[in-house]
Amino acid sequence: MKATQDYLIIALNLLGALGLLIYGMRMMSEALQKMAGSKLRNILGAMTTNRLTGMLTGTFVTCAVQSSSATTVMTVSFVSAGLLTLAQAISIIMGANIGTTLTAWIMSLGYNVDLTTVVFPAFIVGMFLIYKKRHRFLGDFLFGIAFMFLSLVMLSTSGKQLDLANNPAVVDFFASFDTSSYFTIIAFLAIGTIITCIVQSSAAVMAITIMLCSTGVLPIHLGIALVMGENIGTTATANLAALGTNLQARRAALAHLIFNVIGVIWVLIVFYPFVDLVCNMVGYDSSMAGQTERLPVVLAMFHTCFNLLNTLFLIGLIPQMEKIVCWLMPEKKEKAEEGLQLKYIQAKLMQTPELSVLQAQKETTSFAESIQKMYETATLLLRETDRKKADNLFRTIEKQEDIADKTEIEIARYIGQVGNDHLSDDTKTGIRQMLREISEIESIGDACYNMARIMIRLKSAGKDYTEEQQSQLEEMMRLCNNALSRMNQVMNSERTQKDALESIRIEHEINAKRDELKKINIQSVNDRKYDYKLASSFADMVNELEQLGDYIINVVQTRYGKSLVHSFSVDK
């Protein structure tokens, strides 16, 4: 009875240690991504130059955050947001598989070195840092390291307390498996895959595998089979994250699965010679009893060799992998549904709020581009003389205006959810700017709708602008369209002083044209060129176009920040 209670306590300690390991690694990952914060765009630009830099970036990021799942989910999210191509994502995923091998080395170290000398100093330093606003994320990172190392100490202790090597039932159970049979190897590979899919952490399964091997009860060949299964199982996280996202994101997640499956297939073909080679590299003889202290190192070395060689074999075949993924997941030609369709923001938040902000920024840029299309539809209405076609154009603008209203609400709601989490100060500033941007962009849509109403009301009364009025309005509309194009260029590229000056110059031209047309309109009424109703409609159109120009410059100013407002004077 006492033995049963002892085993129960040890099992609970073991589960608690695994939970602490997963929590510590997640804490490290999120803290590092928050510290990166506003620099994510620069990191992104640096890592997408070619497949080699992409692979190295994936390796570096995964080594830093200690989670290949975090890196691959991040990569899938970037693809979903249109910030990465599929080929670039594949190279980063390859690097993530190399980077995750560091976790195995840290775990193997935990079974041979007393990590408590690191744990408590990390807790003490982290405790002081989390109360300092400037360094709170660094404090979270240190707490994550401390929790991870503490969990490894607990796992090592629990493994020793279990004393499985002296438990005949456990020893006989694992001894009953024929390690020379491919059927056994594939069975344990499947077990490793299933368990990793369930717990959503290859690190946790790796920790259990190392613990079982270090006690001497789990033969090294079966332990390595579990590690291979973990490599396939860990792809489930990215594939689950890709559910409900766009096609390119799902393709990136599928590429991760294909990459690891290809690696497992070629290793299975040369399994026994390859395992012997790895064992020889660390001085372990699988035919001899004992040497259990070397088994964690064997597992870590196999994990490293497997991912490193797999990447070296496949990095030159990224274009072919991309074609395979596109063939397996083709683009379906579906009838576009009318209504709101957000392009980059998905139904669920990403795991890291800092990256969700990038998605929102991309969606805001897409929102601005769609508003320019709405404006172009409004310009077509000016010259349309066919009443039926004019009505169809007006109905189209009505639908576009309704979609614009809903888009503003959805982006604002999404940003609000992201803002509930802890964010860097720069990211908080970016969120405030985005809220202002979407409000001003929606106002541009309102101005387009107001112009359409003015024009359709005039046409319904059986009237139309004179040739001179139409020419004058078209000239002002061209200026506003140039302003919209410049605004979208600013939102899609790096900000420069030249872009700011050009936007301000166009705004001055719009204001000057408004003043000129108002004078001409008053003079034309006095000269009885047209009646007061036509003059009033013309004046309303000019005012709406000038207001539209104001909304455009507000978006540009918001994107540049306060510096633009203070550096240049804008006369409105």
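Restricting to segment 528-555, and then to whatever is open to solvent by 60 Å² or more (accessible area, probe 1.4 Å) and over 18 Å from residue 470 (Cβ atoms), can you tell me which residue is modelled with the highest pLDDT?
For segment 528-555, the residue satisfying everything is 547.
Give just the number: which of (1) farther than 12 Å from residue 299 by Cβ; (2) at pLDDT below 85; (3) open to solvent by 10 Å² or more (accessible area, probe 1.4 Å); (4) not charged (D, E, K, R) does residue 238 not satisfy?
Here residue 238 clears every test but (3).
Would you mind stating whether residue 364 is modelled with pLDDT of 75 or more, among the β-branched types (Val, Ile, Thr) and within 30 Å of residue 484 (Cα to Cα)?
yes
Look through segment 49-78, keep the residues that are hydrophobic (A, V, I, L, M, F, W, C) and modelled with pLDDT of 75 or more, and return whichever of them is surrounded by the fewest Cβ atoms within 10 Å (Cβ to Cβ).
So, considering only residues that are hydrophobic (A, V, I, L, M, F, W, C) and modelled with pLDDT of 75 or more, the one surrounded by the fewest Cβ atoms within 10 Å (Cβ to Cβ) is 52.
Quick one: which of 489, 523 is more than 26 Å from residue 469 (Cα to Cα) and open to solvent by 20 Å² or more (accessible area, probe 1.4 Å)?
489
Looking only at segment 524-556, filter to residues that are hydroxyl-bearing (Ser, Thr, Tyr) and part of a helix (DSSP H, G or I); which one of those is farthest from residue 441 (Cα to Cα)?
That would be 524.
With the structure loaded, tell me whether residue 479 is in contact (Cβ under 8 Å) with a residue 24 or more places away in the chain, open to solvent by 20 Å² or more (accessible area, probe 1.4 Å) and of a type in the set (A, V, I, L, M) or whether it fails that test.
Answer is yes for this residue.
Among the listed residues 137, 143, which satisfies the condition of being modelled with pLDDT of 75 or more and either more than 18 Å from residue 18 (Cα to Cα) or among the small types (Gly, Ala, Ser) (or both)?
Going through 137, 143 in turn, just one is modelled with pLDDT of 75 or more and either more than 18 Å from residue 18 (Cα to Cα) or among the small types (Gly, Ala, Ser) (or both): 137.
So which of 178, 172 ends up being among the acidic types (Asp, Glu) and modelled with pLDDT of 75 or more?
Result: 178 is the single residue among 178, 172 that is among the acidic types (Asp, Glu) and modelled with pLDDT of 75 or more.
Which of the residues belonging to segment 385-411 are open to solvent by 40 Å² or more (accessible area, probe 1.4 Å) and either closer than 21 Å to residue 474 by Cα or among the hydrophobic types (A, V, I, L, M, F, W, C) (or both)?
385, 386, 387, 389, 391, 392, 396, 403, 409
Please identify the pairs in which a residue from segment 98-112 that is over 16 Å from residue 224 (Cβ atoms) and open to solvent by 10 Å² or more (accessible area, probe 1.4 Å) has its Cβ atom under 9 Å from the Cβ atom of a residue that is among the charged types (D, E, K, R) and modelled with pLDDT under 70, counting only partners at least 6 apart or on another chain.
111/293; 112/293
Out of (1) open to solvent by 20 Å² or more (accessible area, probe 1.4 Å); (2) at pLDDT below 85; (3) within 30 Å of residue 356 (Cβ to Cβ), what's the single condition that is false for residue 414?
With (1) open to solvent by 20 Å² or more (accessible area, probe 1.4 Å); (2) at pLDDT below 85; (3) within 30 Å of residue 356 (Cβ to Cβ) applied to residue 414, the lone miss is (1).
Which of the residues belonging to segment 459-469 are part of a helix (DSSP H, G or I) and open to solvent by 10 Å² or more (accessible area, probe 1.4 Å)?
Hits for segment 459-469 are 459, 460, 467, 468.
Against the condition modelled with pLDDT of 90 or more and over 17 Å from the mean Cα position of the chain (by Cα), how does residue 385 come out, does it pass?
So residue 385 does not fit the description; no.
For residues in segment 211-235 being among the β-branched types (Val, Ile, Thr), farther than 18 Å from residue 276 by Cα and more than 26 Å from the chain's Cα centre (by Cα), which is most open to solvent (accessible area, probe 1.4 Å)?
Across segment 211-235, the extreme among qualifying residues is 215.
Considering only residues that are outside any helix (DSSP H, G or I) and closer than 27 Å to residue 72 by Cα, which ones fall in segment 203-243?
234, 243, listed by residue number.
If I filter segment 312-334 for residues that are modelled with pLDDT under 85, within 28 Å of residue 365 (Cα to Cα), of a type in the set (Asp, Glu) and open to solvent by 90 Å² or more (accessible area, probe 1.4 Å), do I get at least one hit?
Yes, because at least one residue in segment 312-334 is modelled with pLDDT under 85, within 28 Å of residue 365 (Cα to Cα), of a type in the set (Asp, Glu) and open to solvent by 90 Å² or more (accessible area, probe 1.4 Å).
Would you call residue 86 farther than 23 Å from residue 232 by Cβ, modelled with pLDDT of 70 or more and among the hydrophobic types (A, V, I, L, M, F, W, C)?
The answer is no for residue 86.
The values are calculated or read from the model by the stated rules, or taken from the named source; none is laboratory data. Here the structure is a predicted model, which means the values were calculated and not measured. Positions of Cβ are generated from backbone atoms using ideal geometry, with glycine treated the same way; all protein chains shown enter the neighbour counts. Ligands, DNA and RNA are stripped out before the accessible areas are found, and what is left, the full protein with its side chains, is counted by its heavy atoms. Shrake-Rupley method; radii C 1.70, N 1.55, O 1.52, S 1.80 Å.
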